[in-house]
Every structure is written in structure tokens, then in C-alpha cells.
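Since the structure comes first, as C-alpha cells, the remarks are kept for the end.
The values are calculated or read from the model by the stated rules, or taken from the named source; none is laboratory data. Note that the structure is a prediction, hence the values are computed from the model and not measured. No Cβ is skipped: glycine too gets one built from the backbone with ideal geometry, and neighbour counts run over all protein chains shown.
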Amino acid sequence: MHANPVNAGHYENFPVASLVLPRGLRAPVRALYAFARSADDFADEGEHPVEWRLARLAEYHEHLHALERGETSTHPIFQALAPVIRAYGLPYAEFHALLSAFEQDCEKTRYAHFGEVMDYCRRSANPVGRLMLGLFKDADPKHQAWSDGICAALQLTNFLQDIAVDWQKGRVYLAQDEMARYGISERQIGEGRVDALWQQFMKEQVERTRRMLQAGAPLGLALPGRIGLEMRLIIQGAARILEKLHESRGDVFTQRPRLGWKDAPVVLKRALFPAQRKSGGASGGCGSGSCGVKGP
């Protein structure tokens, strides 16, 4: 999760050394990011066979098991990660969950229904938020539930942004049964055809993701100080992307919706003054938001 977008695939929302974060947490966050980024790179190494990629991820599992046994690692990623895990008591299960999602990316390229998509989000996105809360020693179950909603919404937003990009990689993260309900084929994705049915399909996808983001948004007000501001920036950044998806009627083919410098004042204002956006003021088909999340 990141207030400042970086070119990092599904990890462009990770708070890599964000200036909003307390200085003492920037190095730990970089260590977490390096682990996630490098493991995700293994999953995306298209020139290597699946067996090679799975072997690299299996090595990461073993490095984690070694740390769990109290052994010292000579791998630079895990040399940086080990003291962070120890200092903050971070659960190894979350790291293994991330790896399981990357392993799935090596072999599974289609999702039959939305439940399968959400299961992927549970392992590919939710651990990031829980690990970030761990850096702040926050084990509140309600906060973790809100974080899960936000992280899943961030992942879904990224999937919608990257429909064309993922198609080029041979992956479709859209639920196959939902596509069929709107008469949408993969050929249409390949052609980049934005017809009325595609627009309605994408509207439904955007609205559902926005509701999920909205459900987790109270976390941005519940967390204190800088981490609260960081979270509100993340939430509003995602909300702005969803607005762009709505405004383009789901046309992710001619231009990938992303945040630019012109969006910064909008996102910052919404994050700094969330109380002004708790009711009304929404435009478009999703309705009004709460806790500072505007519907697209």
C-alpha cells in the first residue's frame, strides 16, 4: 500500500519508504517490500519455465522456515527481513501466504467465480496490510478486518487497471461466470472492445470494489497520526482510480487509469479533510461514500 505510486506491478500500492511514515519504519517497510517484490518477480519471470519459478519460491519458503528455526540467513533479502520479523513479532504465516499466492500465479491463470478471486486476494493482498499493522504493534481484530477489506479492494482495483496488461501475460483475474453473464469473451478483451455490455460489466466491477473499499475506510480514521494519514491517502488514491475507471466507462484498453500529478491535490485534500466527505457529494452510479470515500 503506497501513497506515492511506483512501477511495481501488483505492488504499486505498497508504502515504499513513504515520507508520511515515521522515519524509523521506513527501513522495515523497505525490507518487507523487497521480499514481496522479489517473490512477485519470480512469479512473473515469463522467460523461465513454471518449474524454475516454483523452485525459486520454494527456496523463499525454506529461507523463512530457517528463520523460524532461529538460523541465520546469508541471503540479502532475508538478512534484512529477519531483524524486522523479530523486532515486531511479525507472523511468518503472512509471508508464507504471500508466497502461496505467487505460486498460484505460476499455474492458475483463470478464476471460475468471484470466490476464487477473493481467495487469491486473501493471500496476495491482505497479508501486506496485516504486516503493516504489525509494524505499528496493532493487533486489533477490527482493524485487521478493515485492513483486509482495503487491501482486497486495492488488489481488485489493480486487476481492473491491468486487465489488458494481464491479458498479455496470459492471465485473466475476472470471474469467468460473471463475464459469461454479460456475454463477454476473452476474445473481446484481446480486441479491446468496449461495447455496452462491457461498460455495464465494468460498472458492476467498479461499484463492488468501491463498496469494499468503503467498508474498510473507517481504519483511516481509527489509526492515529501518520499511519492514519498514510491509510487515508491509500484509500483516496484507490478511490480516485475507481472514479477514473467509472468516468472512462471501463475503457482500460486505450489508456490504463492511474494516478498522476494532477490527482495529488485531490487525493491529499480528501485525505486531510475526510470529515467533509462523510455524506453526499458523490457523482455517477455508485452513490455517496462515507469516511471520506467518494463513490465514482
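Applying the selection to segment 170-192, what residues are of a type in the set (S, T, N, Q) and surrounded by 14 or more Cβ atoms within 10 Å (Cβ to Cβ)?
Within segment 170-192, Gln176, Gln188 meet the criteria.
Of the residues Lys244, Lys203, which single one is touching an Asp or Glu at 6+ places or on another chain (Cβ under 9 Å), modelled with pLDDT of 95 or more and of a type in the set (D, E, K, R)? Step through it out loud before you land on a result.
Details: Lys203 fails: touching an Asp or Glu at 6+ places or on another chain (Cβ under 9 Å).
Being touching an Asp or Glu at 6+ places or on another chain (Cβ under 9 Å), modelled with pLDDT of 95 or more and of a type in the set (D, E, K, R) holds for just one of Lys244, Lys203, which is Lys244.
Return yes when Leu98 is part of a loop (DSSP other than H, G, I, E, B) and crowded, with 18+ Cβ neighbours inside 10 Å and no when it is not.
no
Considering only helices (runs of 4 or more DSSP H) fully contained in segment 156-208, which possess at least 3 residues that are over 19 Å from Gln104 (Cα atoms)?
Those helices (runs of 4 or more DSSP H) span 176-181, 186-191.
Would you tally the residues in segment 32-67 being surrounded by fewer than 19 Cβ atoms within 10 Å (Cβ to Cβ), at pLDDT 90 or above and of a type in the set (Gly, Ala, Ser)?
Total meeting the criteria: 5.
Examine segment 68-75 for a residue that is part of a helix (DSSP H, G or I) and surrounded by 14 or more Cβ atoms within 10 Å (Cβ to Cβ), and state whether such a residue exists.
The answer is no, given that none of the residues of segment 68-75 is part of a helix (DSSP H, G or I) and surrounded by 14 or more Cβ atoms within 10 Å (Cβ to Cβ).
Is it the case that Val165 is among the β-branched types (Val, Ile, Thr), in contact (Cβ under 8 Å) with a residue 40 or more places away in the chain and surrounded by fewer than 19 Cβ atoms within 10 Å (Cβ to Cβ)?
Yes.
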